[in-house]
Amino acid sequence: MFANGIHISAHDVIGLFVADLLFAALVGLLPLLLGLTLDAARLGVRSYLLCLLLGTLSPLLAVYTVLTACPMIIAHKHSTAQRQILGLSVILAITLFVGMLGMFAFYGPMRIISWLVSQGLSNAIPLPEWYLLLHKPTWTPPTGAFGPVWTLLYLLMAVAAWLVWRVKGFLAAQVALGLYALQLALNLLWSLLFFTEHRLLAASVEVVVLGLLILATVFAFWRISRTAAVLMLPYLAWVAYAAALTIAVWRMNG
């Protein structure tokens, strides 16, 4: 069911490069449009070009560039109230965007598009066949629970990051927010490894690293805002549960 060998051709490399470039061009539009809207066009263009450059190396670097560029653009020219509202909006949008990419990784873009065209919102999206064929432990939660739980967790995460940014600003909280951005990128990487690539062992190792990084983020947030750290705890608990579930699925299907 899962590929054991890796065969890479020149066509695959070119295709991967083009896909990475298109992804970077897409996500890089956020700081670009933000810069143009907030009268910080130079910062927006610079962030977009950096996103394109780093995105050709890795999609994760493109995501990290967006996560770090947007707060800098917001802080460039705005009153305190506007800055706080925009900061929350951008952090929330980026966090939910990563969650949306994770959903696309699970179902597959074509399955979602087909569902929207043929079913609309009247029925649930049909589950991928490979997921249905997996052997899963009895304590696996219902598939329908994942969407609401992850949505709530992403909202709590975004508010936590916003509180840290609100207290210290981006530069003073660069380590804490950098950890947040990195764990968010690893969150997406886990979805790609597990759902898209079906690399159960790699996903099992990666989710443990993700849990440790989230723990480090909680400690970093605690030093700035205890409320922010507490808001991250449900996410930490859920990822610990997801790690145990991922490892169990790997052992049952490896």
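The values are calculated or read from the model by the stated rules, or taken from the named source; none is laboratory data. Bear in mind that the values here come from a model prediction, so they are computed numbers and not experimental data. We place every Cβ from the backbone using ideal geometry, glycine too, and count neighbours over all the protein chains shown.
Surrounded by fewer than 15 Cβ atoms within 10 Å (Cβ to Cβ), at pLDDT below 75, touching a helix residue (DSSP H, G or I) at 6+ places or on another chain (Cβ under 8 Å) and over 27 Å from Leu236 (Cβ atoms): is that true of Ala124 in this structure? Taking the combined requirement at face value, the residue satisfies it.
Looking across the stretch 2-59, the residues that are charged (D, E, K, R), more than 18 Å from the chain's Cα centre (by Cα) and either closer than 24 Å to Asn187 by Cβ or at pLDDT 85 or above (or both) come down to Arg42, Arg46. Exactly one residue among Leu155, Leu171, Leu245, Leu231 is among the aliphatic types (A, V, I, L, M) and within 15 Å of the chain's Cα centre (by Cα), and that residue is Leu155.
So which residues in the stretch 223-250 are closer than 15 Å to Leu156 by Cα and among the hydrophobic types (A, V, I, L, M, F, W, C)?
The answer is Ala228, Ala229, Val230, Leu231, Met232, Leu233, Leu236, Ala237, Trp238, Val239.
Determine whether Leu34 is among the aliphatic types (A, V, I, L, M), in a loop (DSSP other than H, G, I, E, B) and farther than 30 Å from Thr143 by Cβ. No.
Which residues, taken from the stretch 198-240, are among the small types (Gly, Ala, Ser) and without any contact (Cβ under 8 Å) to a residue 24 or more places away in the chain? Give the derivation first.
First, the residues of the stretch 198-240 that are among the small types (Gly, Ala, Ser): 202-204, 211, 216, 220, 225, 228-229, 237, 240.
Listed by number, the residues that qualify are Ala202, Ala237.
Exactly one residue out of Phe146, Phe195, Phe170, Phe219 is in a helix (DSSP H, G or I), modelled with pLDDT of 95 or more, touching a helix residue (DSSP H, G or I) at 6+ places or on another chain (Cβ under 9 Å) and not small (Gly, Ala, Ser), and it is Phe219. A single member of Ala237, Ala229, Ala244 is in a helix (DSSP H, G or I) and in contact with a helix residue (DSSP H, G or I) (Cβ under 6 Å, 6 or more places away or on another chain), and it is Ala229.
Out of Gln174, Gln183, which single residue is surrounded by 20 or more Cβ atoms within 10 Å (Cβ to Cβ), among the polar types (S, T, N, Q) and either touching a Leu at 6+ places or on another chain (Cβ under 8 Å) or within 19 Å of Pro71 (Cβ to Cβ) (or both)?
Gln183
Counting just the residues of the stretch 225-238 that are among the aliphatic types (A, V, I, L, M) and touching a Phe, Trp or Tyr at 6+ places or on another chain (Cβ under 9 Å), which one comes out nearest to Lys168 (Cα to Cα)?
Step one: filter the stretch 225-238 for residues among the aliphatic types (A, V, I, L, M), giving 228-233, 236-237.
Subsequent filtering for residues that are touching a Phe, Trp or Tyr at 6+ places or on another chain (Cβ under 9 Å) retains 228-232.
Values: Ala228: 12, Ala229: 14, Val230: 17, Leu231: 17, Met232: 18 Å.
Per the criteria, the residue is Ala228.
Restricting attention to the stretch 213-248 and to residues that are of a type in the set (S, T, N, Q) and crowded, with 19+ Cβ neighbours inside 10 Å, the residue that is nearest to Phe194 (Cα to Cα) turns out to be Thr246.
Are any of the residues in the stretch 175-184 among the hydroxyl-bearing types (Ser, Thr, Tyr) and under 29 Å from Leu88 (Cα atoms)? Step through it out loud before you land on a result.
Of the stretch 175-184, the ones among the hydroxyl-bearing types (Ser, Thr, Tyr) are 180.
Within this subset, residues satisfying the condition of being under 29 Å from Leu88 (Cα atoms) are 180.
Yes: the stretch 175-184 contains one or more residues that are among the hydroxyl-bearing types (Ser, Thr, Tyr) and under 29 Å from Leu88 (Cα atoms).
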